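The values are calculated or read from the model by the stated rules, or taken from the named source; none is laboratory data. For clarity, every value in this text was computed on a predicted model and none was experimentally measured. Ideal geometry is used to build each Cβ from the backbone, glycine not excepted, and the neighbour counts take in all protein chains shown. Protein only, heavy atoms only, side chains kept; ligands, DNA and RNA dropped before computing areas. Shrake-Rupley method; radii C 1.70, N 1.55, O 1.52, S 1.80 Å.
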Amino acid sequence: MLQELVTFIVYNLVGEPDKLEIEAEHSSRSVRIEIRCAPEDAGRIIGRGGRIINSIRTLARAASDGRQRVEIQLID
């Protein structure tokens, strides 16, 4: 569910959605989501001062059940 939420948000931000890759690793206590995109789209995902990526992280944490730790990383 969290991976689909992050995919939906990021897909609508980037200019080249065909180069977008989002992978999730689940464990019993955490979810790690890695975002890979075209270099030109990294700034769109990060936003000014990191506002957009922090907002994505906040939304993902709010959508989780509260028992799991959610970590989202942008990999260039």
Checklist line | DSSP beta bridges in the chain [antiparallel fraction, %, rounded to 5] | finding: 45 percent
Next item on the list: Please give the per residue accessible area of the chain, computed with a probe of 1.4 Å over protein heavy atoms only, in Å².
Entry: 67 Å²
Next item on the list: Starting from the eigenvalues of the Cα gyration tensor, five times each then square-rooted, give me the equivalent ellipsoid semi-axes of the chain, largest first, whole Å.
Entry: 21, 13, 10
Note to self: For a quick check of your reading of the filter: which trypsin sites (Lys or Arg not before Pro) in the range 22-70 sit in a DSSP loop and have no more than 12 other Cβ atoms within 10 Å?
What the structure shows: Arg29, Arg67
Next item on the list: Heavy atoms only, probe 1.4 Å: what % of the accessible area of the chain goes to carbon and sulfur, would you let me know?
Entry: 49 percent
Note to self: Order Leu5, Leu59 by their accessible area, 1.4 angstrom probe, all chains in place, largest first.
What the structure shows: Leu59, Leu5
Notebook entry, point to check: With charges only on Cβ, +1 for K and R and -1 for D and E, what is the dipole size of the chain about its Cα centre, in debye, rounded to 20?
Noted result: 500 debye
Item checked: Ser30 long-range amide H proximity, modeled H, under 5 Å -> Arg69
Notebook entry, point to check: Rounded to the nearest 500, what is the chain's calculated 222 nm mean residue ellipticity when only DSSP H runs of at least 4 contribute -39500 (n - 2.57) each, over all residues?
Noted result: -10500 deg cm²/dmol
